[in-house]
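Each remark here refers to the structure printed beneath this line.
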Amino acid sequence: MENLEDLKEEVERLRLEINRLKSEKNKIAPHKHCLNCGIAIPPDKTFCSKKCEDEWNAMIKKKKMNTYIWMALLAILLIILVVSAGA
Ligand SMILES: [Zn+2]
């Protein structure tokens, strides 16, 4: 049966290809990804550039601010509920 031989050959070829890809993956030097934009950077860095670091910090600041605003809103809502329940 000829087709079976072809299939075997194909499987063997794929197996070799997978092994090649596996060893190639191991060859990639250890690295991290920029927290802001996600590009590969050296493992001793956190951001790819000062710009990204500034952007990230601004985003964190904004997030924190949003959290405070929500907490304040919830506190106000709670006070309103308590006051109206007591009245
Ligand atoms: Zn970046």
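The values are calculated or read from the model by the stated rules, or taken from the named source; none is laboratory data. Nothing here was measured: the structure is a model prediction, and the numbers come from that model. Cβ coordinates were reconstructed from backbone atoms using ideal geometry, including for glycine residues, and neighbour counts include every protein chain displayed.
Values as computed for the structure displayed
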read-out: Within the range 40-57, considering residues that are loosely packed, with under 12 Cβ neighbours inside 10 Å and in a helix (DSSP H, G or I), the one nearest to the ligand (Cβ to nearest atom); value: Lys51
read-out: Only listed residue being under 18 Å from the mean Cα position of the chain (by Cα), surrounded by 10 or more Cβ atoms within 10 Å (Cβ to Cβ), part of a helix (DSSP H, G or I) and aliphatic (A, V, I, L, M), chosen from Ile60, Ile69; value: Ile60
read-out: Neighbours by Cβ (under 7 Å, 6+ apart or cross-chain): first from the range 51-71, at pLDDT 95 or above; second not in a helix (DSSP H, G or I); value: Cys52/Cys34; Cys52/Asn36; Cys52/Cys37; Glu53/Phe47; Glu55/Asn36; Trp56/Leu35; Trp56/Asn36; Trp56/Phe47
read-out: Residues (closer than 30 Å to Ile60 by Cα and either more than 16 Å from the ligand (Cβ to nearest atom) or more than 16 Å from the chain's Cα centre (by Cα) (or both)) located in the range 11-39; value: Ala29, Pro30
read-out: Per-region count, the range 39-69, residues among the hydrophobic types (A, V, I, L, M, F, W, C) and farther than 28 Å from Ala29 by Cβ; value: 5
read-out: Pair list, Cβ < 9 Å and 6+ apart or interchain, from the range 11-39 residues that are surrounded by 11 or more Cβ atoms within 10 Å (Cβ to Cβ) to residues that are in a helix (DSSP H, G or I) and of a type in the set (Lys, Arg); value: Asn36/Lys51
read-out: Residues located in the range 40-50, provided they are touching a residue at least 12 places away in the same chain (Cβ under 8 Å) and hydrophobic (A, V, I, L, M, F, W, C); value: Phe47, Cys48
read-out: Test for Lys8: is it within 16 Å of the ligand (Cβ to nearest atom), surrounded by 10 or more Cβ atoms within 10 Å (Cβ to Cβ) and part of a helix (DSSP H, G or I); value: no
